[in-house]
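Read-outs throughout are calculated quantities, based only on the coordinates presented, and are distinct from any laboratory measurement. Since we're looking at a predicted model, the values are computed, not measured. All Cβ positions, even for glycine, are placed from backbone atoms using ideal geometry, and neighbour counts span all protein chains on display.
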Amino acid sequence: MRKTIKIPRILKINKIDGHSIFVTFNNGESRIIDFRKVLKSIGVDENSPGFILYNDIELKKAVLRNNTLSFDNVEQYITMRNGQKERMPFEIGADVLLKHSYSEKSEMMLSLGRHIRDARRKAGLTQQELAIMSGTSRTYISRIENEKSDVELATLKKIIEVGLGRKLEIKIK
C-alpha cells in the first residue's frame, strides 16, 4: 500500500511585521514565523550570507516562490558541476518554517469558542450533553470552547444547528 506524504507548503504571505512573518499553510492554518528563532536554529551567524535577514528591512523583501519563502537579496552562490558559481536565492524549506512557527489565533477563532460556550450555557447544556446531541465528544467541545482546536465547517454546523438548535450564518466582509 502506498503511503501519502503531506508536504507543508506556504500558500500566502499575509504580512511581515518586525521579525515575524505571518503566512497561510496548505493545511489552512495561519501561522506566525519568528524569523530570529528560525535563523538561529539553522545556524545563521554574522559569517553567513543570510545574516542580513536579521535586519527588518531586508526581511520584508521576502517573496513566495515554490511554496516557501525566498530572499533574492541574500548573496548566495552554489558551485555547479562545471566549476562555475551560480547565484541562488536564499530559501528555507516550508517544513522547517512550519516546525519553527506557531498558530495565529484569529479574532474569529477566539470569539467562536466563547460564542459556543455562551450559547451552550444559555441553553442549559453541559459539554457532554452538547457533544452527544451534535455527535462529537465532550473533550472536543472543551477544546473548541477553550480555543485549543480548530473546527471544521460541517462539525460547526452540527454543533450549532443540531446541538444548540440555532442557525449558523457565515458572512464574508
Return one quarter of the surface area of the convex hull spanned by the alpha-carbon atoms of the range 107-163, equal to its mean projected area, in nm². 3.2
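Hey, any idea what the orientation-averaged projected area of the convex hull of the range 10-103's Cα atoms comes to, in nm²? List each step's numbers first, then the result.
Working: hull surface 24.8 nm².
Orientation-averaged projected area of the Cα hull: 6.2 nm².
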Fluctuation leader among Asp150, Asp34, Asp118 - the chain, Gaussian network, Cα springs under 10 angstrom: Asp118
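Provide Lys37, Lys158, Lys173 in ascending order of the number of other Cβ atoms located within 10 Å of each residue's Cβ, fewest first. Could the numbers behind the result be given before it?
Working: Lys37 13, Lys158 18, Lys173 2.
Least crowded to most crowded, the residues run Lys173, Lys37, Lys158.
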Using a Gaussian network model of the chain with C-alpha springs under 10 Å, which one of Arg120, Arg143, Arg81 is most mobile by mean-square fluctuation? Arg81
For the chain, report the % of Cα-Cα distances exceeding 30 Å. 40
Residues Leu53, Leu64, Leu156, Leu59, sorted so that the one with the fewest Cβ neighbours within 10 Å comes first: Leu64, Leu156, Leu59, Leu53
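With an 8 Å Cα cut-off and a minimum separation of 6 or more residues, compute the relative contact order for the range 1-67 in percent.
26
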Taking only complete DSSP H runs, can you tell me which helices of the chain stretch 27 Å or more along their own long axis by Cα positions and average at least 0.5 on the Kyte-Doolittle scale? none
Using alpha carbon positions and the Kirkwood radius, the Rg to Rh ratio of the range 54-155 is 1.30
